[in-house]
1. How many residues, within region 83-115, are open to solvent by 50 Å² or more (accessible area, probe 1.4 Å) and either closer than 17 Å to TYR37 by Cβ or among the basic types (Lys, Arg) (or both)?
2. Which of the residues spanning region 64-82 are surrounded by 15 or more Cβ atoms within 10 Å (Cβ to Cβ), more than 11 Å from CYS22 (Cβ to Cβ) and in contact with a helix residue (DSSP H, G or I) (Cβ under 9 Å, 6 or more places away or on another chain)?
3. Looking at TYR102, TYR93, which is the one that is modelled with pLDDT under 95 and more than 13 Å from SER17 (Cα to Cα)?
4. Scanning region 43-63 for residues that are surrounded by 13 or more Cβ atoms within 10 Å (Cβ to Cβ) and small (Gly, Ala, Ser), which turns out nearest to PHE29 (Cα to Cα)?
5. If you take the residues of region 1-20 that are of a type outside the set (Val, Ile, Thr) and closer than 21 Å to ASP103 by Cβ, which of them is surrounded by the fewest Cβ atoms within 10 Å (Cβ to Cβ)?
Amino acid sequence: QVQLVESGGGWVQPGGSLRLSCAASLSFFSTYTMYWYRQAAGNQRELVAHITSSSNTKYADAVKGRFTISRDNANNTVYLQMSSLKPEDTAVYYCGTYGWGYDYWGQGTQVTVSS
């Protein structure tokens, strides 16, 4: 059974940093494009960033220059380094992967940015 487990969320003041981790029990992890999405209360889930099997990355405009996605294929883990955090970054952050015939997600980790 595929499991993705996020960790690293919490409370941080504006301007602070957090690093989220997502450990995946995926065979051939390195072949998957991995995604980070987030969902703020009352809003739809939105794409934050993704990283391909070749480690090409793409970011939402709202986080570009502040967030960095990376992966460690030896440990089946994807990371999201978040810096210069803003109150509008407050959300539940989910990691996952999807494609033809599969759709795997973690349970999410809460990130709260406030003073």
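1. Counting residues in region 83-115 that are open to solvent by 50 Å² or more (accessible area, probe 1.4 Å) and either closer than 17 Å to TYR37 by Cβ or among the basic types (Lys, Arg) (or both) gives 9.
2. ARG66, PHE67, MET82
3. Of TYR102, TYR93, the one residue that is modelled with pLDDT under 95 and more than 13 Å from SER17 (Cα to Cα) is TYR102.
4. Only one residue fits best here, namely SER53.
5. GLN1
The values are calculated or read from the model by the stated rules, or taken from the named source; none is laboratory data. Treat the numbers as computed from the prediction; the structure is a model and nothing was measured. Heads up, the Cβs are rebuilt from the backbone with ideal geometry, glycines too, and the neighbour counts pull from every protein chain shown. Please note that ligands, DNA and RNA were not included when accessible areas were found on the heavy atoms of the full protein model with its side chains. Shrake-Rupley method; radii C 1.70, N 1.55, O 1.52, S 1.80 Å.
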